[in-house]
1. Where residues in segment 177-196 are of a type outside the set (Gly, Ala, Ser) and in contact with a helix residue (DSSP H, G or I) (Cβ under 7 Å, 6 or more places away or on another chain), which of them is modelled with the lowest pLDDT?
2. Within segment 161-176, is there a residue that is surrounded by fewer than 10 Cβ atoms within 10 Å (Cβ to Cβ), within 26 Å of the chain's Cα centre (by Cα) and modelled with pLDDT under 75?
3. Among the numbered criteria (1) part of a helix (DSSP H, G or I); (2) on the phi > 0 side of the Ramachandran plot, which one does Asn312 miss?
4. Quick check on my filter: what residues within segment 64-83 are modelled with pLDDT of 90 or more and more than 26 Å from Ala141 (Cα to Cα)?
Amino acid sequence: MLDDVLARLFENFRGLIPYNRVGFALLEDGGRILRERWAQSDTGALPSEPGYEAPVEGSTLAGLLQTEEPRVVNDLEGYLASNPESDATQRILGEGMRSGMTCPLVAMGRPVGFIFFSCVEGDSYLPAHVEMFREVAPELASLLEKGILYQQLLDARERSEKLLLNVLPASIARRLRGGEKTIADIFPEATVMFADIAGFAQISSRMTPHALVTVLNRIFSSFDRMCESYGVEKIKTIGDAIMVAGGLPSPRPDHMSAMASLALDLMAVAGTIATREARHIELRIGIHAGPVIAGVIGTNRFSYDLWGDTVNIASRMESQGVPGRIQVSEAVYQRLQDEFLFEPRGPQQIRGIGEMTTYFLTARKLAGD
């Protein structure tokens with residue numbers, strides 16, 4: 001939005017004020033810093049992206065804000081010779097400019113920033129150009145201030161959107177923005193995985209808080225990227241464990257296979273991180289598949305969560321599993337036995353569930369297996 005306004009100004013001032021380059025800088029940090037926000041040149045000689053900044057206090061620009069009067073320098077080389085500390089003048093000269101007009105922008109008594117007009121020819125700016133700018137300055141400053149406010153609104157909306165997508169699947173976020181008040185869906189089949197760092201209490205007791213958080217961040221950041229790569233949803237992080245689901249909120253036929261592949265890769269990545277960190281890090285993973293209920297809870301802090309026996313069994317597959325192994329239920333084994341290799345564990349008493357036959361997922365099958 002703001003860039004569009006400035007680009008139009010770049011063209012619309014032609015015929016009124018001479019220039020080969022126009023730059024726009026905003027006052028930030030309570031008016032203490034001037035930061036270049038936008039620049040355009042018809043010479044194509046912009047050596048760097050906008051973003052140059054300088055303190056206002058003690059500079060000649062501070063005086064211009066007091067008077068609200070434009071300043072003309074028709075000999076930039078001579079000006080630099082008298083003011084060798086002026087880094088901004090050096091930059092403009094480096095772009096081939098030889099004269100300039102610096103124009104303060106003040107909207108309703110509040111300083112907004114500056115517009116800098118520059119020409120490749122010396123002696124380009126006349127008193128008539130100063131007077132022309134005086135005539136349009138109030139409206140121009142007001143227009144740019146509105147553009148700044150609107151841009152800030154768009155930026156805030158984008159930040160809010162990114163935050164929402166950090167905690168909710170994209171399709172669920174769209175439904176919430178569309179006005180749905182209660183989101184609750186039944187999925188006849190989904191795959192749920194829990195992955196936990198085995199013996200984490202003992203590991204954490206030997207680490208400083210900073211080291212602990214650093215290692216956890218590396219582990220779970222890697223896991224987040226892998227979940228995204230496999231197209232499954234990380235539902236939440238619970239201390240040193242994660243809960244992941246496949247086949248929702250957008251159903252897909254290969255959700256169980258994707259989850260099994262992810263589990264194997266998580267084990268490999270955990271081993272790599274353990275070697276790099278010189279720490280004993282082992283995952284314990286459990287997977288089960290079946291019907292689930294999924295929905296959004298909370299009003300101020302949204303959470304997308306799952307409920308049902310499938311979730312409970314997947315959790316038990318992990319908590320009653322073995323460090324360094326991936327324990328899966330009979331349902332997962334039956335579906336994936338043609339694609340993956342398994343090791344029978346046999347009947348197990350699963351707390352709160354009863355006896356279940358479980359298996360250890362060990363590898364993907366290779367051609368010819």
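1. If we take residues in segment 177-196 being of a type outside the set (Gly, Ala, Ser) and in contact with a helix residue (DSSP H, G or I) (Cβ under 7 Å, 6 or more places away or on another chain), then Ile183 is modelled with the lowest pLDDT.
2. yes
3. All conditions are met except number (2).
4. Asp75, Glu77, Gly78, Tyr79, Leu80, Ala81, Ser82
One line per residue, one yes/no per condition, for (1) in the same structural domain as Phe342 (by TED's automatic domain parsing); (2) more than 18 Å from Trp307 (Cβ to Cβ); (3) charged (D, E, K, R); (4) surrounded by 14 or more Cβ atoms within 10 Å (Cβ to Cβ):
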| position | (1), (2), (3), (4) |
| --- | --- |
| Ile186 | yes, no, no, no |
| Asp240 | yes, yes, yes, yes |
| Arg252 | yes, yes, yes, yes |
| Ser261 | yes, yes, no, yes |
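The values are calculated or read from the model by the stated rules, or taken from the named source; none is laboratory data. Values in this document were obtained by computation on a predicted structure and should not be read as measured data. Heads up, the Cβs are rebuilt from the backbone with ideal geometry, glycines too, and the neighbour counts pull from every protein chain shown.
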